Amino acid sequence: MPYGRPEGRVGELQRELAEFAAARRWEPYHTPKNLVTALGVEVAELAEIFQWLTPEESARVMEDPGTAERVADEVADVLAYLLQFCEVLGIDAPAALEAKIERNERRFPVTVSDEKGGGAVGETDGCDAAPGKANRHSSE
């Protein structure tokens, strides 16, 4: 079950973030709703860096030291809010990810995908998706 605080470095980071918030008496504000909203804002700030870049430019974004620092900072903000969200709800994020990968392995076996990994014609995202609308995102 993907519940509880994970072990290892991720668990240590969650503990550090919880201690940081507790020392500042922020716990009343760290509700699931507030944390997931803050997470969305930080994801938008990360996306903003890439908004008008071509695919080629986005692949080279870490070559510019200033932009690389902005990207790393936003990734850190996204991860911090995600870990705080998991802490508040008691989700072991690595265990949840492992469980999701296993489910996706069963849902999207290699034999269903085409040679380029783009998905077969008519592949759908489970029983709720529109026929022929493939969801080729590994996190779905």
* **Pick from segment 80-90, criterion farther than 9 Å from residue 6 by Cβ and touching a residue at least 60 places away in the same chain (Cβ under 8 Å), ranking: surrounded by the fewest Cβ atoms within 10 Å (Cβ to Cβ)** => 90
* Asked: Does residue 46 satisfy the criteria of being under 14 Å from residue 86 (Cβ atoms), of a type in the set (A, V, I, L, M, F, W, C) and under 19 Å from the mean Cα position of the chain (by Cα)?
  -> no
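One line per residue, one yes/no per condition, for (1) of a type in the set (S, T, N, Q); (2) surrounded by fewer than 15 Cβ atoms within 10 Å (Cβ to Cβ); (3) assigned to a helix (DSSP H, G or I); (4) at pLDDT 95 or above:
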residue	(1), (2), (3), (4)
37	yes, yes, yes, yes
43	no, no, yes, yes
46	no, no, yes, yes
75	no, yes, yes, yes
* Asked: From the residues in segment 22-35 that are part of a helix (DSSP H, G or I) and buried (at least 16 other Cβ atoms within 10 Å of the Cβ), which one is nearest to the chain's Cα centre (by Cα)?
  -> 35
* Structure fact -> Residues in segment 1-20 that are within 19 Å of residue 75 (Cα to Cα) and either in contact (Cβ under 8 Å) with a residue 24 or more places away in the chain or not in a helix (DSSP H, G or I) (or both) total 5
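The values are calculated or read from the model by the stated rules, or taken from the named source; none is laboratory data. Keep in mind that this is a model prediction, so the values were computed, not measured. For neighbour counting, all protein chains shown are included, and Cβ atoms are generated from backbone atoms with ideal geometry for every residue, glycine included.
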